[in-house]
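Worksheet: the structure to be examined is printed underneath.
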Amino acid sequence: MEKNEKDLIAQYIDQDEELKKYVEQHAKYEEILEDLNSKVYLTPDEEIEKKTLQKKKLIGKEKIYQIISKYKDL
C-alpha cells in the first residue's frame with residue numbers, strides 16, 4: 001500500500017465504519033498468517049486455513065481499495 005493510500009485510510013477510518021471493519025479484519029488475518037508462517041511445519045488443516053485466510057485477506061484488501069478510491073476524488 002502506498003503512502004497516500006495509508007494517509008487516506010488514517011484520515012477516514014474513524015468516519016467510515018465499513019473501511020474500519022475491513023482494515024481491522026485485514027490486520028487480524030495478517031496476524032494469524034504471521035503465526036502460521038512462523039511454524040516449521042503446517043498440518044493439512046493449517047495449510048487449508050492459511051490458503052483461506054490469504055484469500056480472505058486479498059478480498060478485504062480489494063474492498064479497502066474500492067472504499068478509499070471514492071475518497072481520492074475529494
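The values are calculated or read from the model by the stated rules, or taken from the named source; none is laboratory data. Please read all numbers here as calculations on a predicted model, not as lab measurements. Note: ideal-geometry Cβ built from the backbone for every residue, glycine included; neighbour counts use all protein chains shown.
Under 8 Å between Cβ atoms, which residue pairs at least 6 apart in sequence (or on different chains) link something in region 49-74 that is more than 17 Å from Glu2 (Cβ to Cβ) with a partner that is surrounded by 11 or more Cβ atoms within 10 Å (Cβ to Cβ) and polar (S, T, N, Q)?
What qualifies is Lys56/Gln25; Gly60/Gln25.
Could you give every pair whose Cβ atoms fall below 6 Å, whose first residue belongs to region 16-41 and is in contact (Cβ under 8 Å) with a residue 40 or more places away in the chain, and whose second residue is part of a helix (DSSP H, G or I) and among the β-branched types (Val, Ile, Thr), counting only separations of at least 6 or pairs across chains?
As it stands, the answer is Leu19/Ile67; Tyr22/Ile64, since those pairs meet every condition given.
Going through region 43-57 one residue at a time, which ones are over 23 Å from Tyr22 (Cβ atoms) and surrounded by 13 or more Cβ atoms within 10 Å (Cβ to Cβ)?
The one that is over 23 Å from Tyr22 (Cβ atoms) and surrounded by 13 or more Cβ atoms within 10 Å (Cβ to Cβ): Glu46.
Quick check on Lys72: is it loosely packed, with under 11 Cβ neighbours inside 10 Å and modelled with pLDDT under 95? Break it down into steps so the answer makes sense when it comes.
Numbers: loosely packed, with under 11 Cβ neighbours inside 10 Å: yes; modelled with pLDDT under 95: yes.
Yes; evaluated as a whole, the condition is true for this residue.
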